[in-house]
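The values are calculated or read from the model by the stated rules, or taken from the named source; none is laboratory data. Everything numeric in this text was worked out from a predicted model, so none of it was measured. Cβ sites come from the backbone with ideal geometry, for glycine too, and all protein chains shown count toward neighbours. Ligands, DNA and RNA are stripped out before the accessible areas are found, and what is left, the full protein with its side chains, is counted by its heavy atoms. Shrake-Rupley method; radii C 1.70, N 1.55, O 1.52, S 1.80 Å.
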Amino acid sequence: MCVTPKPPLADGPQRGLYRSKSARRRISRPGLDREVADLAARQHGVVALWQLRDLRFDSQLARKRVAAGRLHRIHCGVYSPQKASLLTPHGHRMAAVLACGPEAVLSHRSAAALWGLRDDSRTRIDVTAPGRRGRIPVGIDAHRHGSLCSPDRSSVEGIPCTSVSRTLLDLAAVVSYRALRYAVKQAEVEGQFDLKEINELLGRSRGRRGVARLRKAIALHDPREQLTRRELEERLFDLCRGLELPEVNGHLVVNGISMMPDFLWRSARLIVEADSRRVHGTVSAFEEDRRRDQVLTAAGWTVIRCTWRQVVDEPERLRSTLRSLLSRRSNADR
């Protein structure tokens with residue numbers, strides 16, 4: 001009787017019996033933990049499994065390292081070599097972004113805090129992840145708007161986030177108008193405000209929440225305010241017709257300081273300065289203007305500053321103010 005020999009066991013793991021040598025080598029491969037730690041160190045102490053595919057580091061390996069205390073779970077699929085309580089605010093922000101996938105960015109109130117536009121004391125973190133589905137990780141406010149274009153993306157301290165313009169638009173949908181105006185002001189103070197970029201964003205965001213509110217918040221940032229000094233002075237001089245005409249750039253010496261105010265009424269001791277943002281918007285000009293105003297006020301002069309918008313949009317109100325000041329000085333001298 002002929003007996004057929006049994007075939008040799010195939011290479012590879014036998015389910016329920018033992019783990020293959022290649023799998024064991026993968027788990028204990030020298031330098032693997034160092035590679036993971038190095039990546040985490042570049043990302044504020046956190047790393048996502050989807051970033052480790054090239055290292056063949058999967059959830060099974062992660063669970064073993066968590067059990068051994070070599071990794072700590074921050075979110076589903078996001079780990080850190082250190083405990084969550086030791087992560088910095090940037091670490092928690094980065095972890096929230098990584099938990100929402102490769103296309104995710106920090107957004108809304110959290111992005112505004114990252115840019116320095118406003119404080120955010122909430123424990124939850126805003127993240128926008130276009131097209132993301134599934135359960136929202138604990139501690140994260142996930143926004144799934146799909147219109148996140150390339151210009152809307154940026155990065156601060158290595159953390160993917162929305163641009164300043166997109167952050168302001170997102171913020172307009174979730175905070176009060178007063179808080180939004182403060183953020184717009186801070187963006188301008190920090191030199192991050194780009195009116196052209198914001199208008200372009202508003203143009204392709206019709207129908208979105210926050211569009212009307214942001215339009216209102218930036219209404220004062222009219223590009224026509226970048227008038228030259230000469231243009232603004234000419235308009236202001238036209239506005240003075242019908243009043244006692246001033247000296248234009250008349251020479252004046254106060255406390256040994258020589259100056260040439262834009263408009264000067266000597267008899268009324270009144271000075272009007274036309275503040276164009278192009279000329280007076282720099283830090284040095286701002287400081288010098290205030291220093292000179294203090295010297296003039298101490299010497300008994302009245303100094304008022306008017307903007308392009310006041311000259312062009314509110315001429316009657318400004319003319320009335322000038323008439324009142326000139327009349328008051330005239331009556332005081334009698």
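Condition check for residue 102 on (1) farther than 17 Å from residue 32 by Cα; (2) surrounded by 23 or more Cβ atoms within 10 Å (Cβ to Cβ): one failure, at (2).
Determine the pairs where a residue that is within 16 Å of residue 246 (Cβ to Cβ), located within the range 308-334, has a partner that is at pLDDT 90 or above and assigned to a helix (DSSP H, G or I) with Cβ atoms under 8 Å apart, the partner being 6 or more residues away or on another chain. Pairs found: 311/318. Identification of strands (runs of 3 or more DSSP E) wholly contained in the range 111-178 with 1 or more residues that are touching a residue at least 40 places away in the same chain (Cβ under 8 Å) and among the aliphatic types (A, V, I, L, M) yields 140-143, 153-156, 159-162.
One residue alone among 189, 174 is open to solvent by 30 Å² or more (accessible area, probe 1.4 Å), under 20 Å from residue 113 (Cβ atoms) and in contact with a Lys or Arg (Cβ under 9 Å, 6 or more places away or on another chain), and that residue is 174. Scanning the range 246-258 for residues that are under 18 Å from residue 232 (Cβ atoms) and either open to solvent by less than 10 Å² (accessible area, probe 1.4 Å) or of a type outside the set (A, V, I, L, M) (or both) yields 246, 247, 249, 250. Checking the stated criteria, residue 43 turns out not to satisfy the condition of being farther than 19 Å from residue 156 by Cβ and either without any contact (Cβ under 8 Å) to a residue 24 or more places away in the chain or out of contact with any Phe, Trp or Tyr (no Cβ under 6 Å at 6 or more places or on another chain) (or both).
With respect to the numbered conditions (1) closer than 23 Å to residue 49 by Cβ; (2) without any contact (Cβ under 8 Å) to a residue 60 or more places away in the chain, which one is the sole condition not fulfilled by residue 97? Residue 97 satisfies every listed condition except (2).
Taking the stated definitions as given, is residue 126 more than 27 Å from residue 40 (Cβ to Cβ) and either crowded, with 20+ Cβ neighbours inside 10 Å or at pLDDT below 95 (or both)? Give the steps one after another, and end with the answer.
Details: more than 27 Å from residue 40 (Cβ to Cβ): no; either crowded, with 20+ Cβ neighbours inside 10 Å or at pLDDT below 95 (or both): yes.
Taking the combined requirement at face value, the residue does not satisfy it.
Among the numbered conditions (1) in contact with a strand residue (DSSP E or B) (Cβ under 7 Å, 6 or more places away or on another chain); (2) at positive phi; (3) of a type outside the set (Lys, Arg), the only one that residue 116 does not meet is (1).
Being at pLDDT 95 or above and either farther than 30 Å from residue 62 by Cα or not basic (Lys, Arg) (or both): is that true of residue 131 here? It is false that residue 131 is at pLDDT 95 or above and either farther than 30 Å from residue 62 by Cα or not basic (Lys, Arg) (or both).
Output yes when any residue across the range 165-175 is among the basic types (Lys, Arg) and under 16 Å from residue 128 (Cβ atoms), and no when none is. Explain how you work it out, then say what you get.
Our first condition is that a residue be among the basic types (Lys, Arg); within the range 165-175, this holds for 166.
Next cut, under 16 Å from residue 128 (Cβ atoms) only: 166.
Yes, the range 165-175 has at least one match.
Applying a threshold of 7 Å to beta carbon distances and a minimum spacing of six or more residues, or different chains, the list of pairs starting in the range 71-82 at a residue that is under 19 Å from residue 34 (Cα atoms) and ending at one that is open to solvent by 60 Å² or more (accessible area, probe 1.4 Å) and part of a strand (DSSP E or B) reads 79/73. Residues in the range 151-195 that are of a type in the set (Val, Ile, Thr) and in contact with a Ser or Thr (Cβ under 6 Å, 6 or more places away or on another chain): 1 in all. Of the residues making up the range 286-296, those that are more than 34 Å from the chain's Cα centre (by Cα) and more than 13 Å from residue 257 (Cβ to Cβ) number 0.
Looking only at helices (runs of 4 or more DSSP H) that lie completely in the range 11-68, which have at least 3 residues being at pLDDT 85 or above, farther than 20 Å from residue 104 by Cβ and of a type outside the set (Lys, Arg)?
Working: elements: 21-28, 32-41, 59-67.
Helices (runs of 4 or more DSSP H) meeting the threshold: 32-41, 59-67.
Look at residue 56 and say whether it is on the phi > 0 side of the Ramachandran plot and either surrounded by fewer than 19 Cβ atoms within 10 Å (Cβ to Cβ) or among the hydroxyl-bearing types (Ser, Thr, Tyr) (or both). Walk me through how you get there before you give the answer.
On the way: on the phi > 0 side of the Ramachandran plot: yes; either surrounded by fewer than 19 Cβ atoms within 10 Å (Cβ to Cβ) or among the hydroxyl-bearing types (Ser, Thr, Tyr) (or both): yes.
In short, yes.
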